[in-house]
Each structure stands twice: as structure tokens, then as C-alpha cells.
Amino acid sequence: MSTGPHPTAAAPPTPKDALGCVSGKLRKDIELDIGDIRFYRKCMDEAHLDRVAMPASDRGFLVGISLNSGHRRNIFNGGRTIAKRFESDSIYIRDFSEDYCADLYGNFDFVLVELSQAFIARLGDEHGGPGVDGLTCALEQKDPVLGHLARAMDGNLAHYGELGSLFAEQMGVIMGTHLAQRYGNLRERGPRAKGALSHAHEARAKELLIERSRQGASIAEVASECNLSRGYFIRAFSRTTGQTPHQWLLEQRITEARQLIEATDLTLTEIASFCGFADQSHLNRVFLKSVGTSPGAWRRAAGLPAFAI
């Protein structure tokens, strides 16, 4: 019988997220999956050194958009080591079909977009051209357009329940199309891409957006009902109405809420639920931004009793 010391048990592996990072060190760590597009919000304040190593997979492409300066990493590609430094609006593109290994020197602030193979294939179909055969960018690439879009997403990712799928889906299509056109081989297909909705399609789209929004319908479903591709529908709807589908739908909800505030004794919580807002707090924020005053102040100005607030 052995009386020697027992071997020390191996430490359990450190949990890592879907991108190979040690998530416990992150100040912000948000993931939003909307089907064929996935958004991430990753922020680390300290200059920790971490190794990310992931084998090849069929997940598509990952695009990282830096919201600050100071982050750096060494990327190991075969026998080469590639040093990359990030500034505000710097981007990188990672092809999941290739092995990835890099040393990350913390202090980063990223919005990341994962585009699945299904999303990439659909973009080619929607634009009537050849399939997108890859995404590549320069080592020191900066993209202020993606930076602007990433900051718009950053302001909403933490409130996705309030945000709803329409806005996230719109942003994913806009960002994905920009990426495929600038860093891939996607091209506009000509005159139709610059068109607007017919009167029949406009009316049908608005009807569906109101009818289906409470059921969680996606833009892809509404576009399909109009026999249009998702990307074309978003562009054409915006050209026709001057608003994106999400902006237009919010305006309709605010109009309905305002009418209910003026004409009923429903509480603001009940009105928020009836009009499709996540809760009263969500109604308050959107109402204030749109109308310039709070729902409670609007109700008091209408002369309704305080208990209705």
C-alpha cells in the first residue's frame, strides 16, 4: 500500500465562450442569436494576456468592430506571426473555416457580428448574382460605417427584450450587406435594387408589420409574404416611407399609445403591454424620445385622473 503523497488533481479547464475567450474576465459579455446572424458585445478593461485557439468549423465568418484604441494581438498563421493593433473603428474578419490561434492583450471593446453560411448564401440569392465566395480585409482596416452601425447596436444590445427582433434583424442585414459588398464579391443587381415598394406591397407590408409584430414575426417572414427578398424589402420600405420597418412600427405603437392615454383609463403598464412595448419603462423611454414628454405628463395634460397613471 502506497504511503506517498497523492498526485494533485488537475485544475478544471477555464470556461470559455463561443469565440474562445475566457468570459469570466469580461466587463461586458452579451450574446444575441437571431437565427442566421449572431451579435456579441465583448469588453475587457484590463491588459490580460489570453490565448485563443479554435479549430476550423462551418460557422461562417466573424467580424469584429473595435470601439476603442489600445488593443493588440498576435495572430499565428502557420509559421508566421502577424501583429495587429486596433484603433477606434478598426475591424478584423475571421473565417471560421480556418484554424484560429492568437494571443490577445486585453483592453478591448468590441461589437462582433457572426454571419452564418446560410446568411452568406442568402445574400447572393437576394442580389441575383454569384454567391459570396469569402470576406477579407486589410490588416490595418478601418471602417467608420461599421463603427457607426456597431455603436447603434451597442446602445440596444443590453435591452434586446425591448428592442425586439425587427431592429436586430435590420441591423444584421445592413451590416452583412455592407461587408459582402466591400470585403466580398457581392454587387448590386441593377435598377430594381433602387426601387420602392408598389402601393399594394406597401399596404400589405404595413398590415403585416402591425398584425405579426406581437407574434414575434421576422422581417424575412414579412418580406416573403410580399414575394420580396429580405434585403430588398428593407431598402424599398425605407425608400417608400422614409423610415426603416422598425422605425415605422415604433411610430405606430406610439400613436396608438397616445390615443389610449387620451381616451381611456387604462394604466400605463396596461397600455405598454397592449401596444407591444416590453414594459412601462420601455414605453416611457420611446414615448419621451418621440413626443418630447413622458406618458404620465401627456396624460396629466389630457386631464385624466392620477390613478390611471
Scan Ala220, Ala297 and give me the residue that is closer than 30 Å to Asp36 by Cβ and surrounded by fewer than 21 Cβ atoms within 10 Å (Cβ to Cβ). Ala220
Residue check, Leu208 at pLDDT below 85 and over 18 Å from Val173 (Cα atoms): yes
Collect the residues in region 88-143 that are exposed (fewer than 14 other Cβ atoms within 10 Å of the Cβ) and within 19 Å of Tyr40 (Cα to Cα), keeping them in residue-number order. Ala118
Please pick out the residue among Leu149, Leu166, Leu157 that is over 25 Å from Ala47 (Cβ atoms) and either modelled with pLDDT under 90 or assigned by TED's automatic domain parsing to the domain that holds Ile234 (or both). Leu166
Output for region 254-292, where each listed residue is out of contact with any Ser or Thr (no Cβ under 6 Å at 6 or more places or on another chain) and either among the aliphatic types (A, V, I, L, M) or assigned by TED's automatic domain parsing to the domain that holds Phe167 (or both): Ala257, Leu260, Ile261, Ala263, Leu266, Leu268, Ile271, Ala272, Ala278, Leu283, Val286, Val291
Residues to consider are Arg51, Arg27; find the one that is over 30 Å from Ala118 (Cα atoms) and in contact with a Cys (Cβ under 9 Å, 6 or more places away or on another chain). Arg27
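Tell me, which residue of region 73-89 that is out of contact with any strand residue (DSSP E or B) (no Cβ under 6 Å at 6 or more places or on another chain), assigned to a loop (DSSP other than H, G, I, E, B) and of a type outside the set (S, T, N, Q) is farthest from Met153 (Cα to Cα)?
Of the residues in region 73-89, the ones out of contact with any strand residue (DSSP E or B) (no Cβ under 6 Å at 6 or more places or on another chain) are 77-80, 87-88.
Subset that is assigned to a loop (DSSP other than H, G, I, E, B): 78-79, 87-88.
Next, from what is left, pick out any that are of a type outside the set (S, T, N, Q): 78-79, 87.
Values: Gly78: 35, Gly79: 37, Glu87: 19 Å.
So, considering only residues that are out of contact with any strand residue (DSSP E or B) (no Cβ under 6 Å at 6 or more places or on another chain), assigned to a loop (DSSP other than H, G, I, E, B) and of a type outside the set (S, T, N, Q), the one farthest from Met153 (Cα to Cα) is Gly79.
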Flag for Gly70 being surrounded by 15 or more Cβ atoms within 10 Å (Cβ to Cβ), over 21 Å from the mean Cα position of the chain (by Cα), in the same structural domain as His48 (by TED's automatic domain parsing) and not in a strand (DSSP E or B): yes
Here is a check on your reading of the model: is Gly184 modelled with pLDDT of 80 or more and in contact with a Gly (Cβ under 8 Å, 6 or more places away or on another chain)? yes
Given the conditions (1) out of contact with any Lys or Arg (no Cβ under 9 Å at 6 or more places or on another chain); (2) crowded, with 19+ Cβ neighbours inside 10 Å; (3) without any contact (Cβ under 8 Å) to a residue 24 or more places away in the chain; (4) not small (Gly, Ala, Ser), report the number of the one that Cys275 does not fulfil. (1)
Across region 235-272, what is the number of residues that are under 24 Å from Ala220 (Cβ atoms), among the small types (Gly, Ala, Ser) and without any contact (Cβ under 8 Å) to a residue 24 or more places away in the chain? 2
Checked region 38-51 for anything surrounded by fewer than 17 Cβ atoms within 10 Å (Cβ to Cβ) and not basic (Lys, Arg); matches are Asp45, Glu46, Ala47, His48, Leu49
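The values are calculated or read from the model by the stated rules, or taken from the named source; none is laboratory data. Worth saying up front: this structure is predicted, and the values here are computed from it rather than measured. Cβ coordinates were reconstructed from backbone atoms using ideal geometry, including for glycine residues, and neighbour counts include every protein chain displayed.
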